[in-house]
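Below is one structure, written out as structure tokens; the observations come after it.
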Amino acid sequence: MRVLIVDEVEANSLFFQVILSDLGEKDVFTSTSPAAALELIKKEKIDFIITAWEMSQLPGTIFIQRVRNSRRTRRIPFLIYSKRLSVDDLKLTSDLGMTNVLGMPFDKIKATALLKELFEKAAVPTKEEIKLRKMEDLLVEGKPAECLKFIGPDMTKKGPHLSRFKSLIAEAWLQIGQPGKAEKLLQEALNVDPTNHQAKFLMSRIHSLGGRHDEAIGMLKEMIAGSPVNLSLKVKLGGAMVDADRHEEAKTVLGGVLELDPDCSEVKDELGKIAFKEGDMPLASQLLSETENGEMIARYFNSMAISLVAKSEYDKGIETYKNALEIVAAKAKTHLLTFNLGLAYRKKGDLQMAFRSLVEAYLMAPDYEKAYAGLVHVEREIKKKGLQSDVALIRKVKEVRAATKVSKPSASPADKNVA
């Protein structure tokens, strides 16, 4: 294990260094600065963190949330030690899945036994845990269909993993655009475990997506009342207000988070959404330049544009797609945004631009068959109007199609139009 000890008091750090040496751990790092520790965690690929709660530079409440909110470090297990954690502190650690808390003054025998047990669990995760982590990764990457493939008898049995499993499947359905299926599963997850933090949040997201903004905001406020030092919940409340176009309220809530944690990347994401919606693209680009949630931001902008196109506001929808592509190009996969941009051009009646966008989407992701089917369909429409498609683009499609050896659709006449 690569273990990091974080404490401003070196005597406490030395206490754990001795225990770790007794346990045979050799890759041990120490830091007296929580801010420096955050960089060390990424640089040294830390596997386990032992941290003091009472620190003057960066309180434990902020430090652990910074680690948990980062995509690269969100799963690192913790041992927290403290002279006394408040009820609110304990609720926060529970929300974040950090139930290993050691009281002070220290008992060496107890501390040694606890660390040994935690290291063994961290080294050999259960089969269920391995699957759940893979599902989480797929959802972060925006691959909900792949996540759904993990449904099976072994993952529906009663046990400590069941509520978490149901909420992950619900999130997959939500990403695919099936909120009804997601809501049913989330209710089942909460019936199994009423404290399932993620399931509650996803339920609030369903309310927001369905236009039930007051319900979503009320649900999040209730969650915050039960866990007042949970900054992620406050960011999510700000996000729900952004969805409801209550931007000034959102800025107030998000500003309160920044007062406690000026470097909170989640806040920058939400403020970036506000800037985007208000048409301030330079500010949106600046705020989102370092986001770790590029796929999520891309999905958010995609939903905005889809809504505009559905209302026949084609020019606004197209502009939204183009702005989104410029902002998230280096932060997310953009073939879906590009594909939907092509569909928006087609609905507007601009077939040449539709064809170009659909070809671009296909070239980005040759395994995305919808893009190929779409460009074939548009190419047919162009021919019916007596026009000519871009020959260079057709050539590129043919080359990629041949190189990747993708199985052709059964409709061979459509293939002949392009390949």
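FYI, it's all coordinate maths here, none of it is from the lab. Since this is a predicted model, take the numbers as computed values, not measurements. Using ideal geometry, Cβ is built from the backbone for each residue, glycine included, and neighbour counts are taken over all protein chains shown.
Listed by chain and number, the lysines whose alpha-carbon sits under 20 Å from that of residue 184, ignoring those within fewer than 8 places in the same chain, are 149, 157, 158, 166, 200. The modelled label-to-label distance for the pair residue 383/residue 130, using points 7 Å beyond Cα in the direction of Cβ, is 5.0 nm.
Annotation: amide H of residue 79 within the under-5 Å range of 49, 50, 51, sequence separation 5 or more or interchain, hydrogens built in the peptide plane. For trypsin sites (Lys or Arg not before Pro), the sites in the stretch 298-345 that DSSP calls loop and that have at most 10 other Cβ atoms within 10 Å are 311.
With the Cα gyration tensor of the stretch 215-264 giving a ≥ b ≥ c as the square roots of its eigenvalues, does the rule (a/c under 1.5 for rounded; else a/b larger than b/c for prolate; else oblate) give rounded, prolate or oblate? In terms of gyration-tensor shape, oblate. Long-range amide H contacts for residue 30: which residues qualify at under 5 Å (H placed 1.01 Å from N, peptide plane, sequence gap of 5 or more or a different chain)? For residue 30, whose amide H was placed from the backbone, the distant partners under 5 Å are 5. In whole Å, what is the distance between the alpha-carbon centres of the stretch 203-247 and the stretch 171-195? Between the Cα centres of the stretch 203-247 and the stretch 171-195 lies a distance of 17 Å.
Just subtract the alpha-carbon distance of residue 212 and residue 263 from 0.36 nm times their residue separation and send over the number in nm, one decimal.
On the way: separation 51, 0.36 × 51 = 18.36 nm, distance 3.09 nm.
Between residue 212 and residue 263, full extension yields an extra 15.3 nm.
Computed from phi, the 3J(HN,Hα) profile of the stretch 15-22 under the Karplus parametrisation 6.51, -1.76, 1.60 (θ = phi - 60°) reads 4, 6, 4, 5, 5, 5, 5, 4 Hz, with x in place of Gly and Pro.
As I understand it, the dipole of the stretch 3-123 uses +1 on the Cβ of Lys and Arg and -1 on the Cβ of Asp and Glu, about the Cα centre. Which of 9, 20, 96 lies farthest toward its positive end? Of the options given, the answer is 96.
Computed from phi, the 3J(HN,Hα) profile of the stretch 264-280 under the Karplus parametrisation 6.51, -1.76, 1.60 (θ = phi - 60°) reads 5, 5, 4, 5, 4, 4, 5, 5, x, 4, 4, 4, 4, 5, 8, x, 8 Hz, with x in place of Gly and Pro.
Tell me which of 81, 191, 247 sits at the most positive position along the dipole axis of the chain, charges placed on C-beta atoms (Lys, Arg +1; Asp, Glu -1). It is 191. Let me know the number of lysine pairs in the stretch 51-133 closer than 19 Å at the Cα, not counting same-chain pairs under 8 apart. Counting lysine pairs in the stretch 51-133 gives 6. Of the Cα atoms belonging to the stretch 156-268, the radius of gyration and Dmax stand at 14.6, 46 Å.
Considered as an equivalent ellipsoid built on the Cα gyration tensor, the stretch 1-97 has semi-axes of 20, 16, 13 Å, the largest given first.
Based on the alpha-carbon gyration tensor of the stretch 126-210 and its eigenvalue square roots a ≥ b ≥ c, which shape applies: rounded if a/c is under 1.5, prolate if not and a/b is larger than b/c, or oblate?
Here the stretch 126-210 falls in the oblate category.
Calculated on the alpha-carbon coordinates, the convex hull of the chain measures out at 166 cubic angstrom per residue. For the pair residue 330 and residue 35, a Förster radius of 35 Å applied to the C-beta separation gives a FRET efficiency near 0.85, rounded to the nearest 0.05.
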